[in-house]
Structure formats: C-alpha cells, structure tokens
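What follows is a set of notes on a single structure, which appears directly below.
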Amino acid sequence: MEQLDNLLEERKKNYSEEDGEERRDLTEEEKNKIKEWKRKIKEQDEILDDIYEGLGNIKKEAIQVDEAIQGVGIKVKDLDNKAGKTTKIIKTQNERLKELVNEIRSSDKICCDIILILIFLGLVCVLYSVIKHKFIKK
C-alpha cells in the first residue's frame, strides 16, 4: 500500500494539469536539441538587435534627408519668387524700350536718324585715321 501511495504521489508530481501530459526525464538527445534551439533563438535575437540598430540609423538618415529636401524646397520657392519678379521687371523694361524705339523711329524724326548715321560714320573715319597713323608708320 505504501509503495502504491508513493507511486501515485510521484505521478502527481510529474503530471501537469495545464497540458494534460505526464512529465518525464529528457533524454540526452532531447537536451541537446533544446540547447541548440535556445542557441539559435539567441543568435536570431542578436541578428534582430543588429537589424533594429540598422533601421534606427536608416531612420536618422531619412530624417536628415527629409530636412535637406525641405531646405531645398524653401530655396526653390524663394528662387521661383525672385525669378517671377525679374521676369515681370524685364517685361516692363521691354515694353518701355519698344515705346522708346517707336518714338525715336517715327517718320517725323527721320532727320535725327540721318544725323546719327553721319556722326557714326565720322567716328569710324576718325578711328581709322588714328589706327593708321599709330600702327602703320612709313
């Protein structure tokens, strides 16, 4: 009777109500497999830690790139505004120049054109004379 009680108590200790299975001692091969499995889990954890660290670095670089892109975007907007203002000024100046040319080239100012052409020819002759006497000596 005593042996039977001891055997029942031993089985109670080895019996788990959670999984409903009887517990037994592990064989050497099972222990080695469990050790190998734990070692692989540890290696995987180390690899995952390295990946996590790498992703953190990539995130930091992405944030820096985003900030740089935003800075360039601001500069582009400023440049676009300045280019628009410059274009507007150039258009205004071109319109003024056209008006001025039309005033000067009007048919009643033909005398001014003739006088300007004669002055230009006179300057060309003077320039030719100076170059001839200065560089061509006989």
Checklist entry - Which of rounded, prolate, oblate describes the range 25-105, given a ≥ b ≥ c as roots of the alpha-carbon gyration tensor eigenvalues and a/c under 1.5 marking rounded, otherwise prolate only if a/b is larger than b/c? => result prolate
Next on the checklist: Below 17 Å, Cα to Cα, which lysines can LYS132 reach? Residues fewer than 8 away in the same chain don't count.
Outcome noted: none
Checklist entry - What list of ³J(HN,Hα) values in whole Hz, one per residue of the range 51-67 in order, does the Karplus curve 6.51 cos²θ - 1.76 cosθ + 1.60 (θ = phi - 60°) give from phi, with Gly and Pro shown as x? => result 5, 4, 5, x, 5, x, 5, 4, 4, 4, 5, 5, 5, 5, 5, 4, 4
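Since every read-out is calculated from the coordinates, none of them should be taken as a lab result. In this text the structure is predicted, and so the values were computed from the model without any measurement.
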